[in-house]
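Please find one structure pasted underneath; my questions will follow.
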Amino acid sequence: MGTTPLVALHGIRKSYGDLLVNDGVDLDVRPGEIHAILGENGAGKTTLMRVIYGLTTPDAGRIEVGGAPVSIASPRDAIAAGIGMVTQHFALVRPMTVLENVLLSSAGLGPPDTEGARRRFAEATELLGVDIDPDVRIEDLSVGEQQRVEIAKTLYQGARVLILDEPTAVLVPQDARALFDALRRLTASGLGVLFISHKLHEVAEISHRVSVLRQGRIVDTRPTGSSTPAELAELMVGRSVAAVLRDERRVGPGPSNDEAVVIAVEHVSLDGSTGKRLLDDVDLRVHRGEILAIAGVSGNGQRELADILSGMRMPSSGHVRVGRQDITGATPTQVVACGLGRIPEDRHGSVVDDLSVEENLVLEDLGQFRRGPFLDKRAIRRRAEELIARFAIKAAPTDRIGGLSGGNMQKVLLARVLAKDPRAILVAQPTRGLDVGAGEYVHQQLLARRADGAAILLISEDLDEILALADRVAVIFDGAIMGIVDAATTTRAELGLMMAGTPQQALGGAA
Amino acid sequence: MNLIALFAATLVTVTPLLYATIGEILCERAGVLNLGIEGTMYAGAFVGFAITAATGSIGVGLLAAVVAGALAGLLMGLLTVSLGVNQHVAGIGTTLLLIGLSEFVNRLRFGGGTLTQVPKMDLLFPGVPFLEMYALTLVAFAVVAPLTWWVLRSTGAGLRLRAVGENPEAADAAGINVSRTRYAALVVGGALMAVGGAFLTLAVLGTFTLNITNGRGWVAIALVIFARWRIGPAVLGGLLFAVIDAGQLQLAIMPAFAHVPRELLIALPYLVVIAALALAGEGLRYPGAYLKPYRRI
């Protein structure tokens, strides 16, 4: 492809304070090409995209569109230059209709030309090969549909280059397939796509060229076909990666008879304030030495289930037990006392940002660290030093926890929970936002607890994580369990169908 | 009960509330809670009065009130949009400042002696039952309310304003200038609030007295929530409050209510507002960016 690139970056540099986020990045996108940017969290991918789209100004470097230098100081400039961007957080106004959202970028102050907009939007959706009703409200669309609206919107605005930031992170596998088909149609008609991801198999599947970004620099750009996923992974993290693999891990699961049930969720339902059923007859058992994963797209009842197990919320009907103890409606303190360790989804909601590492480490057991009415500071310090060493936390006991990286904060949470040897563990999205190294550490710790006989309920949206860790997988959709399958024998397709709302019985032998 | 008098009194009571509530809706739909409303009305009342007293022209006085309200909106914009100050603090501060400033200038200029009287607006259709009203009342119902409704619903400007209040990130990504849009909403909203205030001095009283707005700004804040940020329900809510407020005055002079404490009757419309808010609280959805300053990361 010797054609002029649609967009080319030269020597882009951007730093925030002392932190150099992009360090001399050169990059181009050619017509008809999907160019993947591969990099870990924090490698500088998002900042780079924000530079191209005018959401942030680079300290140095220049951008060319169609071979001519341009200045992109705002999204308006980017749109005018034919650049469109779709991020993980959709730039859509939820209470407005699709058409209103489309009009946002083109309308002046007076009454907009809605008929013209309708026509042009229909052309855009046709190019994309999808069907979108322009009069439906955004909040009534599924996540996959919202993403299609976003892409169609950029086409409506005349984009020739499409930047997609982690586009599959929010999609079920079937929607991801549909997205890839749409992208192929677009590139076939001469558009260029910049596809940002940290998922190797996607990049391998969809892209023509791949650039690997590490610590703000492009370490290599090569045709995708010329390298194996393992090579790319190595480039991405700068060392060889030993991912946790099913076969190399450990002992088989523990016994699965009734005696061995540690966490029992018995026919739990929860009605929302608007009368919508948030959880619908959820029935699950987690046995000693077992990891049961709850898979599903976020917002399908995972948070409510976790809240009920943690004692933050009372179910409308049904019971939850840990061991023989009924903890339905128990307070969080009582839940912890009966041996359930909780590592919640929202890290910042589980630590007190302004307190120190040592204070956060003992926050759940202040009763054990006191002398009369006062805190026993020396005992707290001893405990903190011991846990910091044991869990390899990179922080001093007196550091403010809000200043730690996500990985270290997660280690503090792990330490706080695991140090008490809980027989049951509830863990949600344990590696979200963590880099590969920290994520691996978390996985190893969970597997070690499992080997020691703990029952673990793992809530995750990451199928790779689920397939690497779980013994069984329960898929949740719209508050109901679609089915429970053996992790060793299930497929992504089967999980994906259930995640999209097809019950296991309806799958039959097809999957 | 005299229906004609009740109707006329209701129209007088509802007028300042309509201007204030519609002004506040514009601000809040753009994502800014403008608690400067009470002070803005107060300043509008005083500036309208003072300039009318100085020039002898009600028109010039009203115009000056509009300018004062726009400036009050600019001040709120400076604080909440440009500086990103907490909107509660900025609004209360603006209200305190504008009330204090109005009172201060009032004492310097009109202090001591007798109340200064200014010419009052004339009634349209004087003496005609149900049609007797001030021009500003007619304008509020016939122009301001429908026009704002149409602008918010059907124009690009309204679309931008709502987008900025719901999801400023999305608006920014669509190339809309978030700050400028919020400033515009605050300036227009402030001007409307000030007209509501000026109505009190230029139409109702013909003079300026201490505590002239008497919490009408706060009532408007409640009405906005009651109306769920929509113009039509705001007009209805304003009428509801006004008819109860006008009604309690009539009740007070009826023999049957002679033993009901006067204070209870005066409190009646406010109690109704509180009750209505409590009932309207279910499923309220605030504008997505309510109270949030917008900064690009």
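Would you rank A:GLU290, A:GLU345 by solvent-accessible area, highest first, keeping every protein chain in place and using a 1.4 Å probe? Present the calculation step by step, with values, prior to reporting the outcome.
Values: A:GLU290 15, A:GLU345 50 Å².
Order by accessible area, largest first: A:GLU345, A:GLU290.
For chain A, which whole-number percentage of the solvent-accessible area (1.4 Å probe, protein heavy atoms only) is attributable to carbon and sulfur atoms?
Heavy-atom surface of chain A belonging to carbon and sulfur, 1.4 Å probe: 49 percent.
As a test of reading the structure, rank B:HIS259, A:HIS443, A:HIS198, A:HIS267 by solvent-accessible area (1.4 Å probe, protein chains only), most first.
B:HIS259, A:HIS267, A:HIS198, A:HIS443
If you plug each phi of region A:314-331 into the Karplus form 6.51 cos²θ - 1.76 cosθ + 1.60 with θ = phi - 60°, what whole-Hz ³J(HN,Hα) values come out, in order, with x for Gly and Pro?
Running phi through 6.51 cos²θ - 1.76 cosθ + 1.60 with θ = phi - 60° gives 9, x, 6, 7, x, 10, 10, 10, 10, x, 9, 7, 7, 10, 4, x, 6, 7 Hz.
May I ask for the equivalent-ellipsoid semi-axes of chain B, computed as the square root of five times each C-alpha gyration tensor eigenvalue and listed largest first in whole Å? Write out the running numbers ahead of the final one.
On the way: eigenvalues 198, 109, 64 Å².
Semi-axes (√(5λ), whole Å): 31, 23, 18.
Also, I was wondering about something else. How many partner chain Cβ atoms sit within 10 Å of a residue's Cβ in peptide A:89-99, on average, as a whole number?
Across the residues of A:89-99, the mean count of other-chain Cβ atoms within 10 Å is 5.
Tell me, what is the Rg over Rh of region B:56-95, with Rh the Kirkwood radius over Cα pairs?
Reported Rg/Rh (Cα atoms, Kirkwood Rh): 1.18.
Also: Straight-line reach from A:LYS420: which lysines have Cα under 25 Å away, leaving out those fewer than 8 places along the same chain?
Here the lysines satisfying the reach criterion relative to A:LYS420 are A:LYS377, A:LYS394, A:LYS411.
Sticking with this structure for a sec: Given that compact globular proteins tend to follow 2.2 N^0.38 Å, what is the ratio of the alpha-carbon Rg of region A:133-219 to that value?
So the Cα radius of gyration is 1.16 times the expected 2.2 N^0.38 Å.
Going from the alpha-carbon gyration tensor of region A:370-483, what semi-axes, largest first and in whole Å, does one get by taking the root of 5 times each eigenvalue?
Details: eigenvalues 180, 54, 36 Å².
After diagonalising the Cα gyration tensor, the semi-axes are 30, 16, 13 Å.
While we're looking at this one, here's another question. How large is the accessible surface per residue of the protein assembly as shown, computed with a 1.4 Å probe and reported in Å² as a whole number?
43 Å²
Checking an interface number: how much accessible area is buried between A and B, summed over both chains, with a 1.4 Å probe, in Å² rounded to 100?
2000 Å²
At what distance in nm do the modelled label points of B:ILE253 and B:ARG295 sit from each other, each positioned 7 Å from its Cα along Cα→Cβ?
5.8 nm
Let me ask you something else. With heavy atoms of protein chains only and a 1.4 Å probe, what residues of region A:39-80 have at least 50 Å² less accessible area in the full set of chains than alone?
At a threshold of 50 Å² (probe 1.4 Å), the residues of region A:39-80 that become less exposed are A:LEU55, A:ARG76.
Please report, in debye to the nearest 20, how large the charge dipole of chain A is about its Cα centre when each Lys and Arg carries +1 at its beta carbon and each Asp and Glu carries -1 there.
1240 debye
Using bins 10 angstrom wide from zero, how does P(r) for region B:163-297 break down, in % of all Cα pairs?
Result, from short to long distances: 10, 29, 31, 19, 8, 3, 0 percent.
Set the Förster distance to 51 Å, then compute FRET efficiency between B:TYR270 and A:LYS420 from the Cβ-Cβ distance, nearest 0.05. Please report the intermediate quantities before stating the final value.
Details: r = 54 Å, r/R0 = 1.05.
That pair, B:TYR270 with A:LYS420, gives E of 0.40.
Would you mind telling me the share, in percent, of accessible area of region B:125-189 contributed by carbon and sulfur at probe 1.4 angstrom?
Ligands and nucleic acids excluded, carbon and sulfur give 69 percent.
Please report how far the C-alpha centroid of region A:443-503 lies from that of region A:289-321, rounded to the nearest whole angstrom.
If you average the Cα positions of each part, the centres end up 14 Å apart.
Just subtract the alpha-carbon distance of B:LEU284 and B:LEU74 from 0.36 nm times their residue separation and send over the number in nm, one decimal. Write down the numbers at each step before the final one.
Working: separation 210, 0.36 × 210 = 75.60 nm, distance 2.88 nm.
Length difference between fully extended and current span is 72.7 nm.
In peptide B:150-157, how many Cβ atoms from other protein chains are near each Cβ within 10 Å, on average?
Numbers: counts 1, 3, 0, 0, 4, 6, 10, 6.
Per residue, the number of nearby Cβ atoms from other chains is 4 on average.
Quick one: check the C-alpha center-to-center distance for region A:158-225 versus region B:82-121, whole angstrom.
Going from one Cα centre to the other spans 59 Å.
What relative contact order, as a whole-number percentage, does chain A give when Cα pairs under 8 Å and 6 or more residues apart are counted?
Once divided by the residue count of chain A, the mean separation gives 14 percent.
What share of all Cα pairs of region B:96-222, in percent, falls into each consecutive 10 Å distance bin?
That works out to 10, 29, 29, 21, 9, 1, in percent per bin.
Still on this structure: Using only helices, what value at 222 nm comes out for chain A when you add -39,500 (n - 2.57) per DSSP H run of length 4 or more and divide by the total residues, to the nearest 500 deg cm²/dmol?
It comes out at -9500 deg cm²/dmol, rounded to the nearest 500.
Once the Cα gyration tensor of region A:418-475 is found, what semi-axes does its equivalent ellipsoid get, as square roots of 5 times the eigenvalues, in whole Å, sorted largest first?
On the way: eigenvalues 60, 41, 19 Å².
The three semi-axes for region A:418-475 are 17, 14, 10 Å.
Something else now. Enter the Cα centre distance for the pair region B:188-247 and region B:1-45, rounded to the nearest angstrom.
When both Cα centres are located, 2 Å separates them.
Normalising by the residue count of region A:351-420, find the relative contact order in percent from Cα pairs under 8 Å and 6+ residues apart.
Relative contact order comes out at 43 percent.
Next up: So what is the diffusion coefficient of the protein assembly as shown in µm² per second by Stokes-Einstein at 10 °C and 1.306 mPa s, using a Kirkwood Rh over Cα pairs?
D = 52 µm²/s.
Let me ask something else. How much accessible area does B:TRP149 have with a 1.4 Å probe, in Å² rounded to the nearest 10?
120 Å²
Quick one: length gained pulling A:LEU355 to A:THR333 fully straight, 0.36 nm per residue minus the C-alpha distance?
5.9 nm
Ratio of Rg to Rh for region A:351-420, alpha carbon only, Kirkwood?
Answer for region A:351-420: 0.94.
Another question about this same structure. Which lysines does A:LYS14 reach when only Cα atoms under 17 Å apart count, and residues fewer than 8 places away in its own chain are ignored?
A:LYS45
How well do other chains shield peptide A:109-118, expressed as the mean number of their Cβ atoms within 10 Å of each residue Cβ? Mind dumping the intermediate values first?
On the way: counts 8, 5, 8, 6, 1, 1, 0, 0, 0, 0.
Per residue, the number of nearby Cβ atoms from other chains is 3 on average.
Quick check for you: which residues of region A:269-294 have the amide N under 18 Å from the point 7 Å beyond the Cα of A:ASP478 toward its beta carbon?
Once the point is set 7 Å along Cα→Cβ of A:ASP478, A:269-283 turn out to lie under 18 Å by backbone N, inside region A:269-294.
The values are calculated or read from the model by the stated rules, or taken from the named source; none is laboratory data. Predicted model, so just to flag it, every value in this text is computed and none were measured. Here Cβ is always computed from backbone atoms with ideal geometry, including for glycine, and neighbour counts include all displayed protein chains. Note: areas computed on protein heavy atoms with side chains; ligands, DNA, RNA excluded. Shrake-Rupley method; radii C 1.70, N 1.55, O 1.52, S 1.80 Å.
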